[in-house]
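> I am attaching a structure below and will ask some questions about it afterwards.
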Amino acid sequence: MDPISRFLASYKIPVGAWGKAFFTFLTDNFNAFFRGISGGLNFLLDGLVDLLLMVPPVLLVAAIALLAWFLQRSRSLAFGVAIGLLFIINQGLWKQTVETLVLVVAAAAASMAIGVPLGIWAAHNERVYRVMLPILDLMQTLPTFVYLIPVLTLFGLGNAPGLIVTIIFVIPTAVRLTHLGVVSVPKSMIEAGLAFGATRRQLLWKVELPAALPTIMAGLTQCIMLSLSMVVFAALIGAGGLGTEINRALGSRKIDLGLEAGLAIVVLAIVLDRMTRIGAGGKK
């Protein structure tokens, strides 16, 4: 090692020690708060999974296929959704799929509920967007395993930390695409709204959001896909679902189980993507 490198290494900045001290402070002083959040989220997620599992699988498949037809007005899509979900039942992975579905839908819904307002705010305030940008970059580029550890420390094992990790990973996409959709609204439309005397609230709800809706819905689709990509990582901190089966297959080198669980995730991804895509049925 050259002298300069040796000098730099001898005066290491204790970033890790600072981080450990910070999370130790949080767990020592706010442990009840974080565990309360974790317990509440686990109760809601587990309760929803139990509720869905009480419904006969074939009946639930029919309900999801009917919802697909209602959203997209496509018989072929409804038929494909039914076939895909029946395949999952055939593979004996229905319970795990329901657990994954609940986690993904909850994560995508929470990410959109938080990300869309932040994206609108950033689109209307350039200074806010400049502050948000490095934070969004950090959230998207930081390796998943890095923030699995602090989330596990604060919230313990279960579906709750899996949901929180997924939301952290997914929110930047909702913010970015909402921001893109709003700033891409043609100025002529904004000027026309102002010319007709629209207030800022009316301009947002009647001009900007309708024009940005395709991009925002693309953000929803991306949130769902990214949530599914986090399934395997969430299983490492106690979240159930198909990710648990993939980790089991990886640990025991069971190719058959890995293929079955992997195909189930692919089927679920295709189903959710087609159901939430604008224009898939030709009438949206």
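> Residue 119 fails exactly one of the following numbered conditions: (1) in a helix (DSSP H, G or I); (2) under 26 Å from residue 43 (Cα atoms); (3) small (Gly, Ala, Ser). What is the number of that condition?
Only one criterion in (1) in a helix (DSSP H, G or I); (2) under 26 Å from residue 43 (Cα atoms); (3) small (Gly, Ala, Ser) is unmet by residue 119, namely (2).
> Then there's this: Pull out all pairs, ordered by first then second residue, where Cβ-Cβ is under 7 Å, the residues are six or more apart or on different chains, the first lies in the stretch 31-43 and is hydroxyl-bearing (Ser, Thr, Tyr), and the second is surrounded by 14 or more Cβ atoms within 10 Å (Cβ to Cβ) and at pLDDT below 90.
What qualifies is 38/155; 38/156; 38/158; 38/160; 38/161.
> Now for a separate question. Would you mention how many residues in the stretch 56-81 are without any contact (Cβ under 8 Å) to a residue 40 or more places away in the chain, buried (at least 19 other Cβ atoms within 10 Å of the Cβ) and either under 22 Å from residue 261 (Cα atoms) or out of contact with any helix residue (DSSP H, G or I) (no Cβ under 9 Å at 6 or more places or on another chain) (or both)?
Here the count works out to 2.
> Going through the stretch 82-95 one residue at a time, which ones are open to solvent by 30 Å² or more (accessible area, probe 1.4 Å), touching a residue at least 60 places away in the same chain (Cβ under 8 Å) and part of a helix (DSSP H, G or I)?
87
> Restricting to the stretch 44-55, name every residue that is within 20 Å of residue 110 (Cα to Cα) and surrounded by 13 or more Cβ atoms within 10 Å (Cβ to Cβ).
44, 45, 46, 48, 49, 52
> If you check 136, 148, which single one turns out to be more than 23 Å from residue 239 (Cβ to Cβ) and in a helix (DSSP H, G or I)?
Going through 136, 148 in turn, just one is more than 23 Å from residue 239 (Cβ to Cβ) and in a helix (DSSP H, G or I): 136.
> So, in the stretch 181-192, how many residues would count as being assigned to a helix (DSSP H, G or I) and crowded, with 19+ Cβ neighbours inside 10 Å?
Total meeting the criteria: 2.
> Residues in the stretch 96-111: is at least one touching a residue at least 40 places away in the same chain (Cβ under 8 Å), hydroxyl-bearing (Ser, Thr, Tyr), part of a helix (DSSP H, G or I) and more than 19 Å from residue 148 (Cα to Cα)?
yes
> Still on this structure: Only residues that are loosely packed, with under 11 Cβ neighbours inside 10 Å and either under 23 Å from residue 83 (Cα atoms) or not small (Gly, Ala, Ser) (or both): list them for the stretch 23-43, please.
25, 28, 29
> Being assigned to a loop (DSSP other than H, G, I, E, B) and at negative phi, is that true of even one residue in the stretch 159-180?
no
> A further question follows. Out of the residues in the stretch 194-237 that are among the hydroxyl-bearing types (Ser, Thr, Tyr) and under 30 Å from residue 249 (Cβ atoms), which is most open to solvent (accessible area, probe 1.4 Å)?
Applying the filter and picking the extreme gives 229.
> In the stretch 112-126, how many are open to solvent by 20 Å² or more (accessible area, probe 1.4 Å) and either without any contact (Cβ under 8 Å) to a residue 24 or more places away in the chain or among the small types (Gly, Ala, Ser) (or both)?
Number satisfying all stated conditions: 6.
> Going through the stretch 29-55 one residue at a time, which ones are under 12 Å from residue 155 (Cβ atoms) and not small (Gly, Ala, Ser)?
Result: 30, 31, 33, 34, 35, 37, 41, 42.
The values are calculated or read from the model by the stated rules, or taken from the named source; none is laboratory data. Just so we're clear, the structure is a prediction, and the values are computed from it rather than from any experiment. Glycine gets a Cβ as well: all are built from the backbone with ideal geometry, and neighbour counts include every protein chain shown. Ligands, DNA and RNA are stripped out before the accessible areas are found, and what is left, the full protein with its side chains, is counted by its heavy atoms. Shrake-Rupley method; radii C 1.70, N 1.55, O 1.52, S 1.80 Å.
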